[in-house]
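These notes are about the structure you will find just below.
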Amino acid sequence: MVHIKNNNPKDFAIELRKGGYSYSEIKKFCPVPKSTLSYWFRDIKLSEPQLTRLKKKRIEAAQKGSKARILKTSKAIEEIQKTSAKDVGKISKRELWLMGVILYWRERLLNKNDSDLKKGIRFTSSDPYLIKLFLKWLSDIGGIKNEEINFDIFMPEDKKRSLNEFVDYWAGVTGFTKGNFSRYYLQKVKAKKPKRNSKKSVHGLLRVRVKASSMLARQISGWINGINEILLG
């Protein structure tokens, strides 16, 4: 507890500093600019215990400030996400059509199967939401029935004993029976250092295959060409 014995702000501030108090603590009793305090304290040397205490207080203050900023940022992000979600509203059929075309366009570019349309519709992702979106697109836009769809699972070879878990997961995501998951592929695992905060799916990749869909694939290709023409003028 600080007892004020000196009415002279400078002398009182110097007494506090010699006692090991920090600038912020001293400013509570002597509301003067920090530059003034620095000038007053220029010849004062603190002991090791005093320096250790001040260092500890700085760390605690930084941690407290960091937690407060993180909490404030988290609340702001949560509010933005809630507000943004409301902005979407109802998705029209045309909007769904365009979303699916763009999604499939990206698939073709990633898998370099731009000219391989004979195999029909194929879409691969580890993201359950993208899989659900594409299945809805196939149903609502492509007019594809469930019996026309099959799935392939790609999983790390060191997880082959967990095949049933992979099937259960993707069956739950898609709403299809296990009988629709007819093919399984084991992928070699490359030795790499794990990335921090990696969002890579632990459930492998799922490929959606549509039977006898080469004509729909060509139709999508035409839609993509149409979008290109509009964008390029």
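Only the coordinates and a few stated rules stand behind these numbers; no lab work does. Remember, it's a predicted structure, so these values are computed and weren't measured experimentally. All Cβ positions, glycine included, derive from the backbone under ideal geometry; neighbour counts span all protein chains shown.
Of the residues Pro31, Phe123, Ser92, the one whose Cα sits farthest towards the positive end of the charge dipole of the chain is Pro31 (charges of +1 on Lys and Arg Cβ, -1 on Asp and Glu Cβ, taken about the Cα centre). Per residue, the chain reaches -18000 deg cm²/dmol at 222 nm when only DSSP H runs of four or more residues are counted, each adding -39500 (n - 2.57).
Considering just Cα atoms, how many Å³ per residue does the convex hull of region 32-123 enclose?
Here the figure is 252 Å³ per residue.
Residue exposure proxy: Asp43, Asp168, Asp158, ordered by other Cβ atoms within 10 angstrom of their Cβ from fewest to most, comes out as Asp43, Asp158, Asp168. Couplings 3J(HN,Hα) of region 84-99, computed from phi: 5, 4, 5, 5, 5, x, 8, 8, 6, 5, 5, 5, 5, 4, 5, 4 Hz, in residue order, whole Hz [Karplus 6.51 cos²θ - 1.76 cosθ + 1.60, θ = phi - 60°; x for Gly and Pro]. Remark: region 121-134, residue by residue, has Karplus-estimated 3J(HN,Hα) of 6, 9, 9, 10, 6, 9, 8, x, 6, 5, 4, 4, 4, 5 Hz, where x stands for each Gly or Pro and the curve is 6.51 cos²θ - 1.76 cosθ + 1.60 at θ = phi - 60°. Looking at the chain alone, DSSP beta bridges between its own residues are antiparallel in about 60 percent of cases. Across region 32-39, coupling constants 3J(HN,Hα) worked out from phi with the 6.51/-1.76/1.60 Karplus curve, θ = phi - 60°, read 10, x, 4, 4, 5, 4, 4, 5 Hz, and Gly and Pro carry x.
Can you work out D for region 12-86 in µm² s⁻¹ from Stokes-Einstein, where Rh is the Kirkwood radius over C-alpha pairs, the temperature is 10 °C and the viscosity is 1.306 mPa s?
106
For the chain, the share of alpha carbon pairs falling in successive 5 Å distance bins from zero is 1, 5, 9, 11, 10, 9, 7, 7, 5, 4, 3, 4, 5, 7, 6, 4, 2, 1, 0 percent. Placing unit charges on each Cβ (+1 for Lys and Arg, -1 for Asp and Glu) gives the chain a dipole about its Cα centre, and among Trp223, Val202, Leu16 the Cα reaching farthest toward its positive end belongs to Leu16. Using a cutoff of 8 angstrom between alpha carbon atoms and counting only pairs six or more residues apart, the relative contact order for region 56-181 works out to 21 percent.
Near Ile144, the amide H atoms lying under 5 Å from its own belong to Ser139; only residues 5 or more places off or on other chains count, and H is placed 1.01 Å from N.
Its relative contact order, with pairs defined as Cα atoms under 8 Å and 6+ residues apart, puts the chain at 22 percent.
Mean sequence separation of contacting Cα pairs (under 8 Å, at least six apart), scaled by the length of region 1-86, corresponds to a relative contact order of 25 percent.
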